[in-house]
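The values are calculated or read from the model by the stated rules, or taken from the named source; none is laboratory data. Keep in mind the model is a prediction, meaning the values are calculated, not measured. Please note: Cβ atoms are built from the backbone with ideal geometry, for glycine as well, and neighbour counts cover all protein chains shown. In case anyone asks, the SASA skips ligands and DNA or RNA and just uses the protein heavy atoms, side chains included. Shrake-Rupley method; radii C 1.70, N 1.55, O 1.52, S 1.80 Å.
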Amino acid sequence: MSKWKINLKSVVENFHQAIKAYDTENLIGIIFGSKELQIISNVFFTRNEDEGIESLTLELAAFLPPEIHCLGFITIKENGDIPIESLIKKISIIDGVNLHIEWSLEHLKLKNVTKLLESANFVENTESLSMLDGVFIKSSVLFSFQIQNEKNFETEVKEEISKKKSQVLEQLFIHEETKSTFSKTSKSSSLAKIQKADKKNYIVLKGKDNNDISNGTDVNNDPKLAKYNLNVLINVSLQLTDLEIFEYLCKQIEKLLDQIRILCLREKKLVPLTSNTFALSGWCTLVNVVSLDLEEEEDLKKEQRRHIHKLLNLSMDGPRIRPLQSIRFEENDSKLLVNPHEGIKYTPIGQVAIVKGRYHYHHYMQDNFDDSGWGCAYRSFQTIWSWFELQGYIDKPVPTHREIQQCLVNIGDKPAKFVGSRQWIGSMELSYCLETMLGIQSRILTTNSGKEVAEHCRALLYHFDNNGSPVMIGGGQLAHTILGVDYNTKTGESKFLVLDPHYTGDENLNFILKKGWCAWKPLSFWNPKSFYNLMLPINPKSEV
């Protein structure tokens with residue numbers, strides 16, 4: 001019998017985040033995954049309490065794609081006997097699967113992967129686990145909710161949600177360019193044809209009753225009426241039939257409806273809502289979040305985000321699920337490439353850590369501005385800035401070369417004539433700009449030669465695991481952006497995921513990857529005759 005695949009690094013990280021969030025080591029893990037693929041996609045740790053486990057499991061399931069189901073539990077030896085059979089009766093575990101892993105608290109705390117695997121011989125560790133290898137389909141659906149009697153609010157909300165779920169199968173989705181339709185009577189397989197026509201990595205389907213109506217309560221602020229225009233995003237195989245795609249969309253919509261029910265009952269009223277989909281670092285599935293859409297109620301939105309962070313074992317040290325951090329396909333239609341490194345196929349040689357989240361690839365000659373030969377550090381800085389913007393830490397646009405130069409003049413690092421010049425700058429100057437313009441500090445690492453860059457591999461591993469931003473490296477009047485590091489602690493061999501700002505062509509991803517403008521580079525890539533400075537930005541303390 002084949003083993004279940006699991007990313008133990010992600011599981012252990014969730015455990016440590018849960019200890020911080022719940023302020024206890026008395027935890028239990030709820031296992032989610034795909035029975036068909038034998039993948040454990042998610043493990044969420046929560047308080048080891050029998051009460052409330054059923055509603056908690058249902059709430060967790062509502063964030064996950066339709067093919068992901070509850071598979072069982074992880075218990076901790078030191079926490080005593082757990083009534084597993086009682087827990088199983090209370091939750092909906094997919095038929096034929098009842099996984100139970102018992103791990104030692106010490107092994108979890110020490111992140112001892114070897115010992116954890118010995119205690120669960122039916123799983124195998126796979127750090128590169130991913131279930132996002134299909135095509136993205138985006139759509140939206142409009143729902144109106146009517147409450148007759150506020151005194152029966154809870155009952156009526158549940159009845160409304162149940163009614164909407166029964167109506168989902170009456171939906172019709174249309175691809176306007178090819179006129180392909182997706183409904184409960186579909187019999188074709190149109191996906192490959194549609195993708196060929198669109199020539200994009202996503203497909204847009206329009207709902208039959210999808211009008212341009214804003215989210216939230218009625219214009220008359222009637223507390224008994226609300227209209228929600230929810231975004232729907234799924235990732236599916238090209239081999240699926242139109243009927244299978246329709247059924248998948250319907251199941252995803254039902255999960256969004258479950259989140260609406262939970263939110264409205266928690267707030268005890270109909271509230272303005274929006275929905276977004278995220279590809280979180282370390283996750284092998286999408287996560288779909290319905291959130292409050294109250295412009296003047298930032299405290300309520302923060303409270304909800306904190307609740308979701310705690311529930312999903314996300315770090316409380318910074319934002320992860322703000323709308324700006326969601327998957328936004330309009331970025332792919334813009335002039336800048338997003339995360340070109342994701343198209344690289346690579347076999348690790350050791351311990352790997354890479355950039356977390358999204359960034360834009362900035363390079364020579366963009367914005368109709370000729371900076372070839374001198375602007376590489378500026379472009380690397382713009383890439384780093386875009387990372388902080390897309391992670392939700394800042395809301396300021398990427399600065400121009402002139403604005404960067406003006407900052408250095410303002411702080412007294414450069415003379416006035418520096419503004420408008422074509423002078424090269426390095427890591428130190430950019431660290432001044434990052435702190436002055438954004439209040440973000442950096443750690444500077446220095447080397448006397450390119451060979452010594454390998455001495456900072458452990459520091460880079462720590463940076464990408466704990467901060468996650470791109471790193472600027474400058475030496476010999478050349479600047480590059482480091483997106484990741486691969487370090488074999490036994491042999492000392494190292495490789496670096498490098499994004500090269502010296503590229504001068506258009507945004508052709510295939511060409512960029514083929515020619516190595518974004519690629520894993522050996523240590524010899526760094527000039528042994530040049531000294532280098534590395535700028536490692538430190539994430540600012542920020543609200544979730």
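Things to note:
- Annotation: the antiparallel percentage among DSSP beta bridges lying fully within the chain is about 85.
- Whole-Hz couplings from phi, Karplus 6.51/-1.76/1.60, listed for the stretch 416-426; x for Gly and Pro: 4, 5, 5, 5, x, 7, 10, 8, 6, 10, x
- For the chain, the longest principal axis of the C-alpha atoms and the axis of helix 401-410 are separated by about 70°.
- Amide H contacts of Asn339: Tyr359, Tyr361, each under 5 Å away and 5 or more positions distant or on a separate chain (H built 1.01 Å from N in the peptide plane; Pro and chain starts excluded).
- Proximal charge balance of Gln366 [Cβ under 13 Å; K/R count +1, D/E count -1]: -3
- Label-to-label distance, Gln423 versus Ala197, with points set 7 angstrom from Cα along the beta-carbon direction: 5.7 nm.
- Between 0 and 90 degrees, the angle of helix 8-22 with respect to the longest Cα principal axis of the chain falls at about 70 degrees.
- Accessible-area value, Thr446, 1.4 Å probe, nucleic acids and ligands omitted, Å²: 90 Å²
- Summing Cβ point charges (Lys, Arg +1; Asp, Glu -1) relative to the Cα centre of the chain gives a dipole of roughly 1160 debye.
- Dipole magnitude for the stretch 280-422: about 560 debye, using +1 per Lys or Arg Cβ and -1 per Asp or Glu Cβ, origin at the Cα centre.
- Top positive-direction residue, dipole computed over the stretch 247-404 with Cβ charges, set Cys264, Pro340, Gly350: Gly350
- Ordering Ser140, Ile39, Thr126 by Cα displacement along the dipole of the chain toward the positive end leaves Thr126 in first place; charges were set at the Cβ atoms of Lys, Arg (+1) and Asp, Glu (-1).
- Other residues with beta-carbon under 12 Å from the beta-carbon of Cys457 carry, at +1 per Lys or Arg and -1 per Asp or Glu, a net charge of -2.
- The trypsin sites (Lys or Arg not before Pro) of the stretch 436-544 meeting both criteria, a DSSP state outside H, G, I, E and B (loop) and at most 10 other C-beta atoms within 10 angstrom of the site's C-beta, are Lys490, Lys529, Lys541.
- Rounded to the nearest 10 degrees, the inclination of helix 376-390 to the longest alpha-carbon principal axis of the chain is 20 degrees.
- Note on the chain: dipole from Cβ charges, positive end direction compared against Ile308, Ser421, Val204; the farthest Cα belongs to Ser421.
- For Cys264, solvent-accessible area (1.4 Å; no DNA, RNA or ligand), Å²: 0 Å²
- Close amide H partners of Lys5, meaning residues 5 or more places away or on another chain with modelled amide H under 5 Å apart, are Ile39, Ile40, Glu124.
- Of the GluC sites (Glu not before Pro) found in the stretch 254-325, those in coil by DSSP whose Cβ has at most 12 other Cβ atoms within 10 Å are Glu295, Glu296.
- For the stretch 425-544: lysine pairs under 17 Å (alpha-carbon distance), excluding those fewer than 8 apart on one chain: 4
- The Cβ shell under 11 Å around Phe496 holds other residues with a net charge of +1, Lys and Arg each +1, Asp and Glu each -1.
- Residue-wise HN-Hα couplings along the stretch 526-532, as the Karplus relation 6.51 cos²θ - 1.76 cosθ + 1.60 with θ = phi - 60° gives them from phi, are 8, 5, x, 9, 10, 8, 10 Hz; Gly and Pro carry x.
- Between Asn98 and Lys529, full extension at 0.36 nm per residue minus the direct alpha carbon distance yields a gain of 149.2 nm.
- Two-site label geometry, Asn508 and Lys184: point separation in nm, points 7 Å out along Cα→Cβ: 4.9 nm
- Those trypsin sites (Lys or Arg not before Pro) in the stretch 92-180 that DSSP places in a loop and that have at most 11 other beta carbons within 10 Å: Lys179
- Carbon and sulfur %, accessible surface of the chain computed with the full protein complex present, 1.4 Å: 46 percent
- Charge dipole (debye, nearest 20) of the stretch 119-192; +1 at Cβ of Lys and Arg, -1 at Cβ of Asp and Glu: 380 debye
- With protein chains left intact and a 1.4 Å probe, residues in the chain average 47 Å² of accessible area per residue.
- In Hz, Karplus ³J(HN,Hα) per residue of the stretch 238-255 (6.51, -1.76, 1.60; θ = phi - 60°; x = Gly, Pro): 5, 7, 5, 7, 4, 5, 5, 5, 4, 5, 5, 4, 4, 5, 5, 4, 4, 5
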